[in-house]
Amino acid sequence: MATAPSRRHLANSRNEGEIKQRQQRIRGAALALAVLATLAITSAAPAGGTGTIAIRHQMRGCHAWSFNSGPFKPSLSISVSTGTVLRFTNNDVMPHKLVQAAGPKLRLVHPTMSKMASSASVKLTQKGVYRFTTKPGADYAWAGSPKTVGEDNVLHLMVRVK
Ligand SMILES: [Cu+2]
């Protein structure tokens, strides 16, 4: 007589245990979904955040640069969002070393662009105003001494990271 209630109690607690396990499983699945959603968002950000700066040779001022296929100028002023990766490509007939002149300290990747088509990059992870310039080297031997008009340009780039 005394065994019946306790067996029912046992059955109840087993059910509770199963329910608890199921709840934990559901909670686990929800957590996994939340993690996946977060991953999707963080991996989407850099995809939209790439900018290209091209340096070219030209007769007037020897060199100029352009942002995302825009006009070539000695001085550029651009605005990008946080997380943007800026990629510089040097197509001038001389090396250009990328130099950060102002703004929160950045890690420049391969700043010494010393060959035709060599590139440097930098990831802008912090808001702020940054300034860049380049330190040009001597003309490549194969380029001879291309004729230019006027003083060589000093390249300036201001980047506002929002
Ligand atoms: Cu040049």
Q | Spans of strands (runs of 3 or more DSSP E) in the range 11-96 with at least 2 residues outside the structural domain of Pro136 (by TED's automatic domain parsing), modelled with pLDDT under 60 and small (Gly, Ala, Ser) | A | none
Q. Hey, any hits in the range 104-123 for a residue that's crowded, with 17+ Cβ neighbours inside 10 Å, in contact (Cβ under 8 Å) with a residue 12 or more places away in the chain and β-branched (Val, Ile, Thr)?
A. yes
Q. Among the candidates Thr84, Thr134, which residue alone is within 18 Å of Ile55 (Cα to Cα) and surrounded by 17 or more Cβ atoms within 10 Å (Cβ to Cβ)?
A. Thr134
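The values are calculated or read from the model by the stated rules, or taken from the named source; none is laboratory data. A quick note: this is a predicted structure, and the numbers were derived from the prediction, not measured. Cβ: placed from backbone, ideal geometry, glycine included. Neighbour counts: every protein chain shown.
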